[in-house]
Structures are given as C-alpha cells and as structure tokens.
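Take a look at the structure set out below.
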Amino acid sequence: MKAEQNRTQPNPRFYREAEQALKRLGRQVSRKVKGSHNWKKAVKKHLRIQRQRKDHAVKLARCVVMSNDFIALEDLSVRNMKRNRHLSESISDVGWTQFRHWVDDYGKVFGKVVVAVNPAYTSQICSNCGRAVRKDLKMRRHICGCGVDIDRNFNAAVNILKAGLRMAERGRKLPKRL
C-alpha cells in the first residue's frame, strides 16, 4: 500500500509463511477419514490463514479510512490477474479484493469518499509533467526527462490520487467490481 505521505505497508504473506506446514498437513489430511476429529485438526491451518488475512485487511482498511477524508484506489480486476499461474498464489495471499471491500464498507460507515480509479497507465505517466514514460515491471524507479526520479509505486499513488480527485470533482464514481 502506498499513501500520499509516501508511507508503505508491507505485505504480511500469511500463506507463504505457512506453505511448508500446509504441505505437511495436506499429506496428513490425505491419510485421515474425512470429517473425523483428526481430519478437522489438520484442516484448521487453512482457516487460520484465512482469518489472519481478513484481520489484516479489516485493520488496514479501518486505519486508511479513519486517517483520510478522501480515498482513491485502483479498480483492479483481481480475478483476471489471478489467471497468471506464476503470480496467482501471491495475488491471492495479498487479499486485495477483501481490502477493497472493507475500504468501501468503512467509507460508507464513516462518511468518507472512496473512489475507484481506472488502473491503466498509472505507473507509466509522470506525476510531475504528465508525459508517458514506458517501462517494464522489473524497473522499480520512475525516471522522467523533466528531472523526476522517484519510486514507481509512489508515482502511481500520486497519479491515482489526481485521477480520483478529478473524478470526485465531476461527481462520478466507477462501477464497483468485487
């Protein structure tokens, strides 16, 4: 997560940390009778990871909504992103859809404005001069001819905020895709 104040929130990686234990427990579950007490004990690890991910999303969403009057975030198509077989586990582990859902809910509860912005070219366009600077995903810095040299994610965060403010001025919001 990137904010306007250039603060980041690390990815907790709950699934990745428990992956070895899940593999071991999966082997144990395969030898248990389905529905038995020992089978239920072995399956609880998945439930624990799911609850950790939800708890993190709820706490982070509440913190974001309580500390900001206006929230602009990318309208990511997570379902399509999970089709990439190399990244699907990592994308699922982050819990973007759950976070987005909780930000929307808390925004309504606390009367804050939440706007979803089209994610196209948010990291490619320079946040200072507006010129498009093409780059690969492996390039983590945004370097423009106008002299701007900043982190790629911070550049995208500024562009998302600007686009969200423009949308809020026009009184439009994108349809929700959860």
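The values are calculated or read from the model by the stated rules, or taken from the named source; none is laboratory data. Keep in mind the model is a prediction, meaning the values are calculated, not measured. Note: ideal-geometry Cβ built from the backbone for every residue, glycine included; neighbour counts use all protein chains shown.
A few comments on the model shown:
- Unmet criterion (only one of (1) closer than 28 Å to Gly111 by Cα; (2) over 21 Å from the mean Cα position of the chain (by Cα); (3) of a type in the set (Lys, Arg)) for Arg24: (1)
- Any hit, the stretch 27-36, residues being of a type in the set (S, T, N, Q), surrounded by 12 or more Cβ atoms within 10 Å (Cβ to Cβ) and under 19 Å from the mean Cα position of the chain (by Cα): no
- Residue match in the stretch 103-114 (condition: assigned to a helix (DSSP H, G or I), of a type in the set (Lys, Arg), under 23 Å from Asp55 (Cβ atoms) and under 14 Å from the mean Cα position of the chain (by Cα)): no
- The residues of the stretch 53-76 that are surrounded by fewer than 13 Cβ atoms within 10 Å (Cβ to Cβ) and either within 11 Å of the chain's Cα centre (by Cα) or farther than 21 Å from Ala163 by Cβ (or both), listed by number, are Asp55, Lys59, Met66.
- Filtering the stretch 163-174 to residues that are in contact with a strand residue (DSSP E or B) (Cβ under 8 Å, 6 or more places away or on another chain) and outside any helix (DSSP H, G or I) leaves Lys173, Leu174.
- For the stretch 27-70, filtering for residues that are closer than 25 Å to Val109 by Cα, without any contact (Cβ under 8 Å) to a residue 12 or more places away in the chain and of a type outside the set (A, V, I, L, M, F, W, C) leaves 5.
- Take the conditions (1) over 18 Å from Arg7 (Cβ atoms); (2) crowded, with 18+ Cβ neighbours inside 10 Å; (3) out of contact with any strand residue (DSSP E or B) (no Cβ under 6 Å at 6 or more places or on another chain); (4) not charged (D, E, K, R); Met81 misses just one of them, which is (2).
- All of Cys129, Cys144 fail the test of being buried (at least 16 other Cβ atoms within 10 Å of the Cβ), out of contact with any strand residue (DSSP E or B) (no Cβ under 7 Å at 6 or more places or on another chain) and farther than 29 Å from Asp104 by Cα, apart from Cys144.
- Comparison of Ile160, Ile150 shows that the only residue that is among the aliphatic types (A, V, I, L, M), closer than 19 Å to Arg7 by Cα and either touching a residue at least 24 places away in the same chain (Cβ under 8 Å) or part of a loop (DSSP other than H, G, I, E, B) (or both) is Ile160.
- Residue in the stretch 71-80 that is touching a helix residue (DSSP H, G or I) at 6+ places or on another chain (Cβ under 9 Å), of a type in the set (Gly, Ala, Ser), touching a residue at least 12 places away in the same chain (Cβ under 8 Å) and farther than 30 Å from Val113 by Cα present: no
- For the stretch 8-21, the criterion of being assigned to a strand (DSSP E or B) and either of a type outside the set (D, E, K, R) or at pLDDT 85 or above (or both) is met by at least one residue.
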